[in-house]
Amino acid sequence: MRVLHIITGLSDGGAEGVLFRLIKHDASGSVHHVVALASDGKYGPQLRQLGVAVTILGMPRGRLSISGLMGLWRILRTWRADVVQTWMYHADLIGGAAARLAAVPVVWGIRNTTLEAGHSKRSTIWVARLCAWLSRWVPALIVCCAQAAQSVHAALGYDVRRMVVIPNGYDLSSFAPDPLARARLREDWAVSNDVPFFGMVARFDPYKDHGNLIAALAHLKARGLDFKVVLIGTGIDENNTLLVQQIAAACLTERVRLLGPRNDVPAIMNALDIHVLSSAAEAFPNVLAEAMACGTPCVATDVGDSARIVGDTGWLVPPRNSLALADALAEAITALQDAPNWHQRMQCARQRIVQEFDIRRMVERYQQTWQVACRQ
């Protein structure tokens with residue numbers, strides 16, 4: 001099967017990572033071609049290393065260009081795809097419409113659960129609403145990454161009859177328990193084994209709600225509890241004046257380290273005792289599954305499909321509630337002291353991801369979806 005992927009850009013994001021993993025682990029013999037409307041980003045070079053054709057149209061962010069549209073049309077007319085898979089709203093709209101005009105079956109990809117005025121860009125909201133109206137004519141099928149995403153977009157007016165849910169999948173050989181990586185990083189960071197060690201891997205973004213986490217940590221400190229924390233992700237470094245000031249105001253400077261983006265996330269997940277997700281909104285939070293695959297239990301806000309991922313292996317709390325988050329972290333610290341039960345919890349966390357979210361299952365479901373789209 002010849003699959004043409006159209007995505008807004010190839011920067012370091014959840015959708016981009018899933019696209020990369022999907023292609024990397026597709027053993028079916030399918031041929032993939034990736035078209036990015038805007039930029040090359042992190043995953044463009046990595047895809048080329050896999051031998052995948054990558055075309056960058058160079059459209060300005062959030063805007064169309066005649067040259068970009070002509071380039072997209074030229075690829076659609078000459079590459080002869082069996083199916084077009086689009087990723088995220090703008091690519092759904094632009095790539096979906098172009099594929100429909102070229103008489104190529106198209107499958108949309110929805111990766112979001114939150115569209116709020118004042119938080120989401122106005123242009124994004126309008127594009128999503130336009131896609132809802134077009135969903136009855138443009139896509140053969142619509143892939144949602146989470147049950148929560150399906151529910152939100154059905155309420156927005158998307159054609160629910162065309163929707164299928166394909167949860168994200170993970171390379172469980174890369175995300176796996178690794179005691180050596182744990183020991184190495186904890187030594188590098190001077191974190192002793194008798195101090196509870198939290199971490200959150202998330203870019204700096206209002207929806208990730210780092211302020212909620214910092215407030216929860218301040219509650220823990222006020223209760224006299226000991227802990228260390230690392231925060232990792234794009235925009236999470238000493239140049240982030242707002243974040244540095246929030247940490248200092250909470251008197252947490254000596255306990256919280258900002259490490260910026262890293263390329264050793266599996267090792268980081270192994271180094272942590274507990275991974276925290278403080279988000280106000282998510283679709284399918286990859287970091288929870290990645291942490292659990294490494295045997296690291298999670299404390300998370302109950303947003304998107306967090307509950308489906310975590311199950312009964314960790315703790316879930318309401319979003320934007322720092323006191324509830326602090327209470328759950330305190331419970332996790334107490335549970336951590338019971339070594340045999342904690343070890344069993346770690347094993348259950350890993351096993352849940354193995355059973356539910358293996359990368360091979362995700363690839364198979366995308367292949368099945370593309371085949372159905374081609375037959376319609």
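Could you go through the range 81-91 and let me know if any residue there is more than 23 Å from Q371 (Cα to Cα), assigned to a helix (DSSP H, G or I), assigned by TED's automatic domain parsing to the domain that holds W370 and touching a residue at least 24 places away in the same chain (Cβ under 8 Å). So far as the range 81-91 goes, yes, one or more of its residues are more than 23 Å from Q371 (Cα to Cα), assigned to a helix (DSSP H, G or I), assigned by TED's automatic domain parsing to the domain that holds W370 and touching a residue at least 24 places away in the same chain (Cβ under 8 Å).
Within the range 129-139, does at least one residue satisfy the condition of being in a loop (DSSP other than H, G, I, E, B), at negative phi, surrounded by 24 or more Cβ atoms within 10 Å (Cβ to Cβ) and touching a strand residue (DSSP E or B) at 6+ places or on another chain (Cβ under 6 Å)? So far as the range 129-139 goes, yes, one or more of its residues are in a loop (DSSP other than H, G, I, E, B), at negative phi, surrounded by 24 or more Cβ atoms within 10 Å (Cβ to Cβ) and touching a strand residue (DSSP E or B) at 6+ places or on another chain (Cβ under 6 Å).
If you take the residues in the range 295-306 that are under 15 Å from the mean Cα position of the chain (by Cα) and among the small types (G, A, S), which one is nearest to A181 (Cα to Cα)? Per the criteria, the residue is A300.
Which one of these is at pLDDT 95 or above and more than 20 Å from K208 (Cα to Cα): L288, L323, L336?
Working: L288 fails: more than 20 Å from K208 (Cα to Cα); L323 fails: more than 20 Å from K208 (Cα to Cα).
Exactly one of L288, L323, L336 is at pLDDT 95 or above and more than 20 Å from K208 (Cα to Cα), namely L336.
The set of residues in the range 1-38 that are closer than 22 Å to G68 by Cα and part of a helix (DSSP H, G or I) comprises A15, E16, L19. With the condition kept exactly as written, say whether any residue in the range 213-225 is basic (K, R), out of contact with any Lys or Arg (no Cβ under 7 Å at 6 or more places or on another chain), surrounded by fewer than 15 Cβ atoms within 10 Å (Cβ to Cβ) and not in a helix (DSSP H, G or I). Yes, that holds for at least one residue.
Hey, any hits in the range 4-15 for a residue that's in the same structural domain as L115 (by TED's automatic domain parsing), modelled with pLDDT under 95 and surrounded by fewer than 16 Cβ atoms within 10 Å (Cβ to Cβ)? Looking through the range 4-15, at least one residue is in the same structural domain as L115 (by TED's automatic domain parsing), modelled with pLDDT under 95 and surrounded by fewer than 16 Cβ atoms within 10 Å (Cβ to Cβ).
Within the set E290, E282, the sole residue that is over 25 Å from D226 (Cβ atoms) and part of a helix (DSSP H, G or I) turns out to be E290. Can you confirm whether C294 is touching a residue at least 40 places away in the same chain (Cβ under 8 Å), buried (at least 24 other Cβ atoms within 10 Å of the Cβ) and closer than 29 Å to H153 by Cα? No, not satisfied. If you check V31 against the conditions, is it within 24 Å of the chain's Cα centre (by Cα) and closer than 20 Å to Y366 by Cα? No; evaluated as a whole, the condition is false for this residue.
When residues in the range 234-259 are screened for being modelled with pLDDT under 95 and either outside the structural domain of L220 (by TED's automatic domain parsing) or in contact with a His (Cβ under 9 Å, 6 or more places away or on another chain) (or both), 0 of them pass.
Of the residues making up the range 237-273, those that are over 27 Å from A349 (Cα atoms) and either among the β-branched types (V, I, T) or exposed (fewer than 13 other Cβ atoms within 10 Å of the Cβ) (or both) are E238, N239, T241, L242, V244, Q245, I247, A248, A249, C251, T253, E254. Checked against (1) under 15 Å from the mean Cα position of the chain (by Cα); (2) assigned to a helix (DSSP H, G or I), R203 passes all but a single condition, namely (2).
The values are calculated or read from the model by the stated rules, or taken from the named source; none is laboratory data. Here the structure is a predicted model, which is why all the values come from computation and not from measurement. Every residue, glycine as well, gets a Cβ built from its backbone with ideal geometry; the counts of neighbours run over all protein chains shown.
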